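**Q** My questions will all concern the structure given below.
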Amino acid sequence: DGQDLRTIADPSVLFGYVPQQEIVHLELTARQALHFSALLRLPRRTPQREIAKLIDALTTRLGLRQHLDTPAGNLSGGQLKRLSVCVELLSRPPLLFLDEPTSGLDPESETELMQQLQELSYTGCTVVCTTHLMENVYLMSSLEVVMAGRDSQGRATPGRTVFRGKPRLARELFDVR
């Protein structure tokens, strides 16, 4: 939003990050994982009823409400990934980074999660995903394709942007469906 990060007291409140590895304790139920995460992330004086309302709203939005009392270790890969997203959304970050959020998911779960992330972007949260899977990039409003290369000695070189724009234009440029 045009702010200089050096002038913000705690810029970490602006960002959420969901790594490839899950960020919840698998022994806890989804509800417990979210509740303990809320206690760590939200202001100390946040009323319990507000935490419960927030957990209910997030799990409803991401399709996890019926799994709140399931141990995280018993959730499917897609459900576990959505639980990790819920944890990051507890603090309502305006910018959410996800590192390969669909890695290891079946095609149906992958599409469902990407659609949910698209819907999340409509709430004003900027969602940035890294992915090697291109089947669902049509759901994104913008796409950046980064390719690594090799130098003359065959050593890997840093990635560079080869495309930035609308997914439809990328399909045309790279001549793919």
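Read-outs: derived from the displayed coordinates by stated rules, not from any lab. Note that the structure is a prediction, hence the values are computed from the model and not measured. Glycine also receives a Cβ, built like all others from the backbone with ideal geometry; neighbour counts cover every protein chain displayed.
**Q** How much of the DSSP beta bridge set in the stretch 18-177 is antiparallel, as a percent to the nearest 5?
**A** Restricted to the stretch 18-177, the bridges split so that about 55 percent are antiparallel.
**Q** Using alpha carbons only, how many degrees (0 to 90, rounded to 10) separate the axis of helix 30-41 from the longest principal axis of the chain?
**A** 80 degrees
**Q** Okay, moving on. Can you tell me, using C-alpha contacts under 8 Å and at least 6 residues apart, the relative contact order of the chain as a whole percent?
**A** 21 percent
**Q** With +1 on each Lys and Arg Cβ and -1 on each Asp and Glu Cβ, and nothing else charged, work out how big the dipole of the stretch 91-161 is about its Cα centre, in Debye to the nearest 20.
**A** With only Lys, Arg, Asp and Glu charged at Cβ, the dipole is about 480 debye.
**Q** Rg and Dmax in Å for the stretch 1-100, alpha carbons only: what are they?
**A** Both quantities, over Cα of the stretch 1-100: 14.0, 43 Å.
**Q** For the charge dipole of the stretch 100-151, defined by +1 on Lys and Arg C-beta atoms and -1 on Asp and Glu C-beta atoms about the Cα centroid, which residue among Thr126, Val137, Gly104 has the Cα displaced farthest towards the positive pole?
**A** Farthest towards the positive pole: Thr126.
**Q** Along the positive direction of the dipole of the stretch 1-43 (beta-carbon charges: Lys, Arg +1; Asp, Glu -1; about the Cα centre), which of Leu14, Phe36, Gly2 reaches farthest?
**A** Phe36
**Q** Could you check which residue among Thr161, Thr131, Thr70 shows the biggest mean-square fluctuation in a GNM of the chain with a 10 Å Cα cutoff?
**A** Thr161
**Q** Right, here's the next one. Would you mind checking the tilt of helix 77-89 against the longest principal axis of the Cα atoms of the chain, expressed as 0 to 90 degrees and rounded to 10?
**A** The angle comes out near 70 degrees.
**Q** Which three extents, in angstrom, do the Cα atoms of the stretch 43-177 have along their principal axes, listed largest first?
**A** Between the extreme Cα coordinates on each principal axis of the stretch 43-177 lie 59, 31, 31 Å.
**Q** For the stretch 10-108, state which GluC sites (Glu not before Pro) are in a DSSP loop and have at most 12 other beta carbons lying within 10 Å of their beta carbon.
**A** Within the stretch 10-108, the qualifying GluC sites (Glu not before Pro) (loop, at most 12 other Cβ atoms within 10 Å) are Glu27.
**Q** Right, another one. About its Cα centre, how strong a charge dipole does the chain have in debye, to the nearest 20, once Lys and Arg get +1 and Asp and Glu get -1 at the Cβ?
**A** 420 debye
**Q** A further question follows. Measure nothing fancy, just the Cα-based angle from helix 107-121's long axis to the longest principal axis of the chain, in degrees from 0 to 90, nearest 10.
**A** For 107-121 against the chain, the angle is about 80 degrees.
**Q** Return the calculated 222 nm mean residue ellipticity for the chain, to the nearest 500 deg cm²/dmol, obtained by summing -39500 (n - 2.57) across DSSP H runs with n ≥ 4 and dividing by the residue count.
**A** -11000 deg cm²/dmol
**Q** What size of dipole, in debye to the nearest 20, comes out for the stretch 40-97 about its Cα centre when the only charges are +1 on Lys and Arg C-beta atoms and -1 on Asp and Glu C-beta atoms?
**A** Charge dipole of the stretch 40-97: 200 debye, to the nearest 20.
**Q** In the neighborhood of Val145, defined by Cβ-to-Cβ distances under 14 Å, what is the net charge if each Lys or Arg adds +1 and each Asp or Glu adds -1?
**A** +2
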